[in-house]
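Read the structure below first, then the notes.
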Amino acid sequence: MRSWLRQNSLRGMKAAGVFDRIRESRWRKQRLLIICYHCFALEEENRWRPALFLTGDRLRERLEMLREMEYNVLPLGDGLARLRQNSLPPRSVALTFDDGTHDFYRVAYPLLAKYRFPATVYQTTHYLDRPMPVYNLICSYMLWKKRDSVMPATPSLGIHQDTKLDTAAARDAVLAQIVSYANSKDLNTDQKNDLAAGVAAALDVDYQGLIRKRVLQLMTSKEISEIAGNQISFELHTHRHRTPRDRALFTKELRDNRAHLEAITKTPTSHFCYPSGDYDRVFLPWLHENAVVSATTGEPGLASRASEPLLLPRFMDTTRRTPLEFEAWLTGVNSLLSARAGRLWLGKLIPS
């Protein structure tokens with residue numbers, strides 16, 4: 001019901017010309033919309049996790065909207081520099097992609113190249129050049145794929161009773177047992193991959209087929225090297241996709257991540273994204289110490305000169321976002337709707 005009301009409200013504002021007026025306003029010109037994407041479906045991942053996966057067709061629709069509506073898609077670093085200098089062009093947008101999975105290379109990069117749009121990939125690096133998926137994610141995906149079946153008791157995987165997989169709660173409980181077992185045995189990356197293969201065998205899933213398709217795998221160093229510099233920049237996302245609240249451990253994550261990326265791209269890194277949106281003000285001095293000049297969160301909004309550079313807001317685009325919602329974020333209307341002062345200003349623009 002709330003979604004229906006919101007869609008109707010947005011349609012009314014668009015029909016009244018509010019979208020156009022905000023998009024061309026001085027307020028919008030002084031702000032940069034940083035758009036966040038994660039991954040793109042190679043199989044059915046968009047049905048498994050619609051908040052994280054889009055189809056290639058959906059991304060093509062979004063890029064076409066950006067082109068048709070004449071948004072200025074800027075490289076992230078350039079956009080942030082011009083934001084500080086108060087010299088942004090009208091309708092400024094920056095595109096960012098988290099994690100750096102193979103589907104970016106396969107699905108997103110060809111589309112970005114077609115539209116000649118620059119983008120930043122926040123690349124995690126531990127699984128680079130390992131021909132295997134991230135184990136906990138592939139286990140979750142396989143449990144979802146077999147949601148009409150039963151996970152048999154398999155003590156060698158940490159599962160001690162048969163479990164029907166017909167609900168999300170049941171699948172989450174089985175996954176928690178698998179992850180807990182891996183942690184209790186202190187398994188290394190290769191051993192976790194063997195564990196995932198064991199889950200596939202128990203579920204009768206073609207694990208080698210998933211590996212061949214590169215489902216839930218990172219890009220390789222060769223793939224990154226191939227596209228880096230072709231309007232694609234690679235920036236920091238931690239080595240193991242984690243943000244420990246310990247200065248030494250956090251710094252090691254950053255430095256390992258940076259060393260891997262700079263060895264591949266031969267380009268300095270200075271921008272950062274908090275993995276899973278997990279940020280804390282305790283990280284800010286540690287980022288400063290490591291010459292990080294910007295860091296993006298998962299908090300929705302448009303970046304302005306008043307934004308803390310190490311806590312920048314982003315708009316996360318997902319499968320469930322309608323084209324109207326996407327346009328409302330592009331114009332800035334949705335950002336204004338989230339703030340009381342913005343709602344009052346919008347009220348003055350809407351004819352009574």
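What follows is calculated from the coordinates using simple rules that are stated; it is not laboratory data. Quantities reported herein were computed from a predicted structural model and do not represent experimental measurements. No Cβ is skipped: glycine too gets one built from the backbone with ideal geometry, and neighbour counts run over all protein chains shown.
Can I get the semi-axes of segment 235-325's equivalent ellipsoid? Compute them from the C-alpha gyration tensor as square roots of 5 times the eigenvalues, in angstrom, largest first. The partial results should precede the final answer.
Numbers: eigenvalues 117, 48, 35 Å².
Largest first, segment 235-325 gives 24, 16, 13 Å.
Which distance in Å, rounded to a whole number, links the C-alpha centroids of segment 85-159 and segment 26-40?
A separation of 20 Å, based on Cα centres.
What residues of segment 240-255 lie in the reach of a label at Arg281, counting those whose backbone N is under 18 Å from a point 7 Å from the Cα along Cα→Cβ?
245-247
For Phe283, Phe272, which order do you get if you count the other beta carbons within 10 Å of each Cβ and list the fewest first?
Values: Phe283 22, Phe272 25.
With the sparsest Cβ surroundings first, the list reads Phe283, Phe272.
Suppose the Debye formula is applied to equal point scatterers at every Cα of the chain; what is log10 I(q)/I(0) at q = 0.09, 0.13 Å⁻¹?
With one equal scatterer per Cα and no solvent, log10 I(q)/I(0) is -0.55, -1.07.
Once fully extended, how much extra length lies between Asp148 and Trp4, figured as 0.36 nm per residue of separation less the alpha-carbon to alpha-carbon distance?
Details: separation 144, 0.36 × 144 = 51.84 nm, distance 3.14 nm.
That pair, Asp148 and Trp4, stretches by 48.7 nm at full extension.
From the phi angles alone, apply the Karplus equation (6.51, -1.76, 1.60; θ = phi - 60°) to segment 30-39 and give each ³J(HN,Hα) in whole Hz, x where the residue is Gly or Pro.
For segment 30-39, the Karplus curve yields 8, 9, 10, 8, 9, 9, 10, 10, 10, 10 Hz.
Report the label-to-label distance for Arg21 and Glu289 in nanometres (one decimal), using points 7 Å from each Cα along the Cα→Cβ vector.
5.1
As a quick test, which of the pairs Lys146/Lys222; Lys185/Lys222; Lys192/Lys222 have an alpha carbon distance above 30 angstrom in this structure? Please list the in-between numbers first.
Details: Lys146/Lys222 33 Å; Lys185/Lys222 33 Å; Lys192/Lys222 24 Å.
Flagged as over cut-off: Lys146/Lys222; Lys185/Lys222.
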